[in-house]
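A.B. asks: Shown below is the structure under consideration.
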Amino acid sequence: MTTVRRAAELGYSTVLMPDVLYLPAPFPSLAMAAAVADIRVGTFVAAAPLRTPRQTAWDAHTLTTLTDGRFDFGIGTGRPDAERQTVEVGLPWGNGRERREQVVETLDLLRQLDGERRTPIMLAAGGPKALALAAERADIVSLAKDATTPRSEVADLAKHLRDLAGSRADDIELAMNIFAAGTRPLPAWTKQAAGIEPEALEAMDSLMLLRGTPRQMADELLRRRETIGATYITVNADYLEDLAPVVDLLTGE
């Protein structure tokens, strides 16, 4: 819980947790996080195939209730490596359509449980069907593109999402994940995470990097807000301290 408390001290708004079997379970962990610090919490993202829709909706609604509305529910169809994890928990992986249906069923059940209180929904979207679902149901959308995707392609995807959302477009926040910030050399796990050598990633203006001085990084985030619409910025916990001056600059503007 040290990281959670430090994130709150540094001015971050939300602590997010992934959903993988080699880490503690996200829902009880986030309940504890919300109890030790005045900060929002969220799943990033819950893998629908790892639980039944009823169980996932129940857990999400419980967190919304326990945190007094400080929970963002990120849910998706599961990363490719999640198929192995479904075997471990004794549930079917299913095809793409079946996993999307699990997501929709979970969201429908959560809406019933929430009643008048509504849990904010985060969905990852990259393909046409996922974009359509996100445009219809999400409050926060993480554009699911890899680290090598050109900036212009991400901007086009964001525009397409807004077009699909129509009158809901202004109500949707676009999320962008950063796994390295500041001026420190890229970590050894960069190649595994991005599928490309660190030097090549640095040279290609990858949106998964945010490099430079605090002022330069703040200006770059403002640029991404202007050209892409990204306002929900997430960063790897290893870079909390590196990005903290940027948080101060942006909240002061």
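A.B. asks: Tally up the residues in region 62-96 that are closer than 22 Å to residue 22 by Cα, modelled with pLDDT of 90 or more, β-branched (Val, Ile, Thr) and within 22 Å of the chain's Cα centre (by Cα), please.
C.D. replies: 2
A.B. asks: Among the residues of region 152-171, write down those that are open to solvent by less than 60 Å² (accessible area, probe 1.4 Å) and out of contact with any Leu (no Cβ under 7 Å at 6 or more places or on another chain).
C.D. replies: Across region 152-171, the qualifying residues are 155, 165, 166, 168, 169.
A.B. asks: If I filter region 74-81 for residues that are surrounded by 16 or more Cβ atoms within 10 Å (Cβ to Cβ) and of a type in the set (Asp, Glu), do I get at least one hit?
C.D. replies: no
A.B. asks: Given the residues 68, 59, which is the only one that is among the charged types (D, E, K, R) and open to solvent by 60 Å² or more (accessible area, probe 1.4 Å)?
C.D. replies: Of 68, 59, the one residue that is among the charged types (D, E, K, R) and open to solvent by 60 Å² or more (accessible area, probe 1.4 Å) is 68.
A.B. asks: Let me ask something else. Only one of 55, 85, 102 is assigned to a helix (DSSP H, G or I) and touching a residue at least 60 places away in the same chain (Cβ under 8 Å). Can you tell me which?
C.D. replies: None of the other options fit; the residue is 85.
A.B. asks: Before we move on, is residue 38 free of Cβ contacts under 8 Å to residues at least 40 places away in the same chain, surrounded by fewer than 19 Cβ atoms within 10 Å (Cβ to Cβ) and over 28 Å from residue 193 (Cβ atoms)?
C.D. replies: Details: free of Cβ contacts under 8 Å to residues at least 40 places away in the same chain: yes; surrounded by fewer than 19 Cβ atoms within 10 Å (Cβ to Cβ): yes; over 28 Å from residue 193 (Cβ atoms): yes.
Criteria met by residue 38.
A.B. asks: From 119, 149, grab the single residue that is farther than 24 Å from residue 225 by Cβ, of a type in the set (Val, Ile, Thr) and surrounded by 16 or more Cβ atoms within 10 Å (Cβ to Cβ).
C.D. replies: 119
A.B. asks: Something else now. Select from region 176-193 the residues that are of a type in the set (A, V, I, L, M), in contact (Cβ under 8 Å) with a residue 24 or more places away in the chain and open to solvent by 10 Å² or more (accessible area, probe 1.4 Å) and list them in ascending order.
C.D. replies: Going residue by residue through region 176-193, those that are of a type in the set (A, V, I, L, M) are 176, 178, 180-181, 186, 188, 193.
Restricting the remaining residues to those that are in contact (Cβ under 8 Å) with a residue 24 or more places away in the chain gives 176, 178, 180-181, 193.
Within region 176-193, 176, 193 qualify.
A.B. asks: Looking at region 1-48 only, could you name the residues that are under 23 Å from residue 99 (Cβ atoms) and of a type in the set (Ser, Thr, Tyr)?
C.D. replies: Matches in region 1-48: 22, 43.
A.B. asks: Let me ask something else. How many residues are in a helix (DSSP H, G or I), in contact with a helix residue (DSSP H, G or I) (Cβ under 9 Å, 6 or more places away or on another chain) and open to solvent by less than 30 Å² (accessible area, probe 1.4 Å) when one looks only at region 221-246? Working first, answer last.
C.D. replies: First, the residues of region 221-246 that are in a helix (DSSP H, G or I): 221-227, 237-246.
Then keep just the ones that are in contact with a helix residue (DSSP H, G or I) (Cβ under 9 Å, 6 or more places away or on another chain); that gives 221-222, 224, 227, 237, 240-246.
With the extra rule that they be open to solvent by less than 30 Å² (accessible area, probe 1.4 Å), the set shrinks to 221, 224, 240, 243-244, 246.
Selection size over region 221-246: 6.
The values are calculated or read from the model by the stated rules, or taken from the named source; none is laboratory data. Since the model is a prediction, treat every value here as computed from it, not as a measurement. All Cβ positions, even for glycine, are placed from backbone atoms using ideal geometry, and neighbour counts span all protein chains on display. For accessibility, only protein heavy atoms count, side chains too; no ligands or nucleic acids. Shrake-Rupley method; radii C 1.70, N 1.55, O 1.52, S 1.80 Å.
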